[in-house]
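Novice: The structure's right below; bear with me while I get my questions together.
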């Protein structure tokens, strides 16, 4: 027998799929829904969490639960995001800080070295799209950001010239649950897995010029990796 939270989720899901509750529309308050379904508030919240994990509903702090507009797919291809046919609106917050722990290791600098952090939250329409925290050594930080660069695809194009070209960009990918900050920023359930990508860019002198931590919601993201096999490479293996 289905639990009450699944029964409630099924009913709300049916109302959304049939258009009875439309995209962008605010759901009744949690107290009203709990009374309608004669359940406790925790049970009602568990039902909403199921819909949030499916990407059907998003909870906006201080405003309530809203039906999401159809989600655009995000494709991550070797260092870039390619949402289909959309223009992203990006908010960027810049902070000066000191290297500690993981950051010192990624950037290969001593603890306490000055860094600049770019916290980038992109939006597709009104919905959060992706989150990026990008760190570069303070002496490479641009004095100002001209317009809205293609975040979170890197800050290399903004680094001062002349400078050595990039020699290597290393990326590691894993799936994990979001931190409370990430879940709130992306308006997703804390039970929804995210695709976490760590990218480190090194120039031809061996200096790490960028470490980026990207977070993409798992309900709308796919990663594509392509391996090119050259004739020279095949001959070398023979």
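Every number here is computed from the coordinates shown, using simple stated rules; none is lab data. What you see is a predicted model, and the numbers here were worked out from it, not measured in a lab. Here the Cβ is made from the backbone with ideal geometry for all residues, glycine too, and neighbour counts use every protein chain on show.
Novice: Each label point is 7 Å from the Cα along the Cα-to-Cβ direction; what then is the distance between the points at residue 61 and residue 93, in nm?
Specialist: Here the answer is 0.9 nm between the modelled labels.
Novice: Now, a different point. Give the order of 135, 37, 76 when sorted by the count of other beta carbons within 10 angstrom, beginning with the fewest.
Specialist: Fewest to most other Cβ atoms nearby, the residues stand as 37, 76, 135.
Novice: Could you order peptides 60-66, 121-127 by the average number of other Cβ atoms within 10 Å of their residues, highest first?
Specialist: Put in order of decreasing packing, that is 121-127, 60-66.
Novice: Let me ask something else. When the convex hull of the Cα atoms of the range 1-143 is projected onto a plane and the area is averaged over all directions, what value comes out in nm²?
Specialist: For the Cα atoms of the range 1-143, the hull's average projected area reads 12.8 nm².
Novice: For the range 4-67, just the Cα set please: Rg and Dmax, both in angstrom.
Specialist: 10.6, 27
Novice: How do 25, 182 rank when sorted from fewest to most other Cβ atoms within 10 Å of their own Cβ? Spell out each step's value before the answer.
Specialist: Numbers: 25 11, 182 19.
Listed from fewest to most nearby Cβ atoms, that is 25, 182.
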